[in-house]
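Asker: Handing you this structure, nothing more for now.
Values in this text are rule-based calculations from the coordinates and carry no lab data. Treat the numbers as computed from the prediction; the structure is a model and nothing was measured. Neighbour counts run over all protein chains shown; Cβ positions are idealised from the backbone, glycine included.
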Amino acid sequence: MATRSAVEEAGARELVEGLARAAREASRALAEVRTEDKNRALHAAATRIRADAQTLLAANARDIVALDQTRRTEAFIDRLKLTPAGIGALAEGLETIAALPDPVGTVIASWVRPNGLDIARVRVPLGVIGIIYESRPNVTADAGALCLKSGNAAILRGGSESYHSSRAIMDCLAAGLAEAGLPASAIQLVPTTDRAAVGAMLTLPELIDVIVPRGGKSLIERVQHESRIPVFAHLDGNCHVYIGRDADPEIARAVAFNAKMRRTGVCGAAETLLIDREIAAAVLPPILADLAAAGCELRGDAATVALDGRVVLATAADWDTEYLDSIIAVKQVDGLEAAIAHVNTHGSHHTDSIITRDTEAAERFLAAVDSAIVLHNASTQFADGGEFGMGAEIGISTGRLHARGPVGVEQLTTFKYVVRGSGQVRP
């Protein structure tokens, strides 16, 4: 007789497979939906989100009250909590995505062969996208909207901790689809918190084309290990700010503080601060003072400990750690090449920044650092699709195939070749 867990897994697979089959049918219809109909659905959903703000806040309050005590950290609640301003931002995000150019049908390149064949490379949707995420209910709106705008069907599997919030947002998206006359299965939320649903999603390559995980390291590792479907993901965000010897001290001070403390729980938050040894004694103390005053725990190498008694001696593990908290590791390095080597060895290929007035050094850093996003004289917290003008993002990818960096509407398409002839046959 099957065990209870086996029965539950079979039930979860049947549920997810049903959603996926419906999504596949919807994806075929969405590939030909007019831009104005997709935009109408997004605007209608935004209107519903504003109208249902109190419903969304009440659902979010249920999630926060039910939150396990072990997860009641400031960073986790920051990711989970909805506010009136945040709900307004959700609605504005949908409207921003609606205003983006529709990537579907865009001609990427075209040419005519000597035999008269007219060849075009044209953007088309990926198909069905599965999004598996934790804690952030805003992902429900952003991911659903980005998939719809790019002509893809979406299957959303939010975390149990944000279940009620995500359902309330999903109701608004569903209302938008209905008003625009689009298939209800264009955006679907998996209606269970059973973890077996995640495993089921990862083993349906014939129905789901891409998996996008967003969450903690354990979730990403599980998805990358178990998935039989291509994955857009980053494992962690061990991001760096390097202050070069020619840095403007005030820019360095402002950027270092913002990169760490604006929001400590996001993947673009700086976890390690590197500084050229030649300028550390002059430039680093006020930066450390700012961070300490804001409640940031300071860990550093011996030279940095000697500069400020509040700095705790770092361990080898600190250089490889994504804290997602008010903690930063600080190291003095012997020049640009040492900084590049440290970032490429210990970083996660996510987002890294150099602060310097030396444009040659900046260009060397931007070219040599092997990360999805590299910046000059700017905070790592700009690692965000919205800040890149993409409207929003479905996630950040540190992989090398298909998409890298913020994954927006264009990155959620592939292409096909459209060839027009006049009776040509191949000799």
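Asker: Treat the count of other C-beta atoms within 10 Å as a stand-in for reagent exposure and order Cys267, Cys239 from fewest to most.
Answerer: Cys267, Cys239
Asker: Suppose each label sits 7 Å from its Cα in the direction of the beta carbon; what would the Thr192-Glu226 distance come out to in nanometres?
Answerer: 1.3 nm
Asker: When the dipole is taken about the Cα centre of the stretch 239-382, and only Lys, Arg (+1) and Asp, Glu (-1) are charged at their Cβ, what size is it in debye, to the nearest 20?
Answerer: Rounded to the nearest 20 debye, it is 360 debye.
Asker: Whole percent per 10 Å bin, from 0 to the bin with the longest distance: what is P(r) over all C-alpha pairs of the chain?
Answerer: 5, 20, 27, 23, 16, 7, 2, 0, 0
Asker: How large is the convex hull of the Cα atoms of the stretch 239-382 per residue, expressed in Å³ as a whole number?
Answerer: Hull volume normalised by residue count: 86 Å³.
Asker: Moving on to the next point. Work out from phi, with θ = phi - 60° and the Karplus expression 6.51 cos²θ - 1.76 cosθ + 1.60, the ³J(HN,Hα) of each residue of the stretch 49-64, listed in order in whole Hz, and give x for Gly and Pro.
Answerer: Ordered by residue, 3J(HN,Hα) equals 4, 5, 5, 9, 4, 5, 5, 5, 5, 5, 5, 5, 4, 4, 5, 5 Hz.
Asker: Can I ask one more? Helix-derived [θ] at 222 nm for the chain: sum -39500 (n - 2.57) over DSSP H runs of at least 4, divide by residue count, nearest 500?
Answerer: After summing the helix terms and dividing by residue count, I get -13500 deg cm²/dmol.
Asker: Could you calculate the contour length gain from Arg34 to Phe415, that is, 0.36 nm times the residue separation minus the distance between their Cα atoms, to one decimal place in nm?
Answerer: 135.4 nm
Asker: Per 5 Å bin from zero, what fraction in whole % of the C-alpha pairs of the stretch 4-228 is there, up to the bin with the longest pair?
Answerer: All Cα pairs, binned at 5 Å, distribute as 1, 7, 14, 17, 18, 15, 13, 7, 3, 2, 1, 1, 0, 0 percent.
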